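For reference, the structure is listed below as structure tokens.
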Amino acid sequence: MAELDRVREALRASMTAWATLEVRGDQARVVPAPDPDQLAAHLDGADPGWSLAWACDSAQPPVVRARLALAGVSREGLATGLTLADAKLAALADAARFYGVPAGETTWVEYDPEEGANTTDLDAEAPLPAAPRPVSRPPEPPRDPQMEKARRHIEDLLEQLKVAGKGGDAARILMRGYGETLDESRAIYKELQAILKG
């Protein structure tokens, strides 16, 4: 458990970048994300065996998958962004969420086509407050085998959608995750099936 706490702290400390998710006129919607360089520096000390892999599901619109392996646990994040670089950052932030680093709030900022999103004022603030360290932590609840099975089914269907060239459509549905309950996961699976059949 102490190792996972060190990993969480390293992830929180690296949350200094901003991913641009979309642009509307002169406004851009941004979300805090780990800076890959800082992430490497922080994680090397917390878990020397960590790894990060990227996969591009779609170039247009940019959809990227980040697979982060830390403390013997591997998690995937999936996201879209204004550019492939933004999608990579957003996918990394999504993967960090599975390690207990809360997803930051999206924020609208000024946008200049040449300069990009103006996050100067946001950079002055801490994007994610450090979570208080609990004195003792109850044991993690056991994983629901039905939820794990539902997630595997969704991932299998996602592979079929990518092969069919419909990964971008699927990514928009999966931006909210795989569902918190079995019913939500089933609904997401049905939406993905409709895309595959459509």
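Details
- Output for the stretch 27-57, where each listed residue is in contact with a Ser or Thr (Cβ under 8 Å, 6 or more places away or on another chain) and more than 18 Å from Val101 (Cβ to Cβ): Ala28, Arg29
- Of everything listed in (1) touching a residue at least 60 places away in the same chain (Cβ under 8 Å); (2) open to solvent by less than 60 Å² (accessible area, probe 1.4 Å); (3) closer than 27 Å to Ala164 by Cβ, the single unmet condition for Val23 is (3).
- Among the residues making up the stretch 154-191, those that are over 20 Å from Gly77 (Cβ atoms) and assigned to a helix (DSSP H, G or I) are Gln160, Val163, Leu182, Asp183, Arg186, Ala187, Lys190.
- Looking across the stretch 37-60 at every residue that is surrounded by 15 or more Cβ atoms within 10 Å (Cβ to Cβ) and not acidic (Asp, Glu), the one that is nearest to Arg6 (Cα to Cα) is identified as Ala46.
- Out of Asp121, Asp144, Asp156, Asp183, sole residue that is open to solvent by 60 Å² or more (accessible area, probe 1.4 Å), modelled with pLDDT under 80 and either within 21 Å of the chain's Cα centre (by Cα) or over 23 Å from Leu70 (Cα atoms) (or both): Asp121
- Contact map, the stretch 80-108: residues that are over 18 Å from Ser14 (Cβ atoms) paired with residues that are acidic (Asp, Glu), Cβ distance under 8 Å, separation 6+ or inter-chain. Pairs shown: Leu82/Glu22.
- Qualifying residue in the stretch 36-49 (condition: in a loop (DSSP other than H, G, I, E, B), of a type outside the set (S, T, N, Q) and under 21 Å from Thr120 (Cβ atoms)): no
- Residue satisfying condition, being at pLDDT 90 or above, of a type in the set (A, V, I, L, M, F, W, C) and closer than 28 Å to Gly167 by Cβ, within set Ala79, Ala40: Ala79
- The set of residues in the stretch 84-116 being open to solvent by less than 60 Å² (accessible area, probe 1.4 Å), modelled with pLDDT of 90 or more and farther than 20 Å from Leu39 by Cα consists of Val109, Tyr111.
- Flag for Val7 being of a type in the set (Val, Ile, Thr) and at pLDDT below 85: yes
The values are calculated or read from the model by the stated rules, or taken from the named source; none is laboratory data. Worth saying up front: this structure is predicted, and the values here are computed from it rather than measured. As a convention, Cβ positions derive from the backbone with ideal geometry for all residues, glycine included, and neighbour counts pool all protein chains shown. For the accessible areas, the whole protein counts, side chains as well, though only heavy atoms, and no ligand, DNA or RNA atoms are used. Shrake-Rupley method; radii C 1.70, N 1.55, O 1.52, S 1.80 Å.
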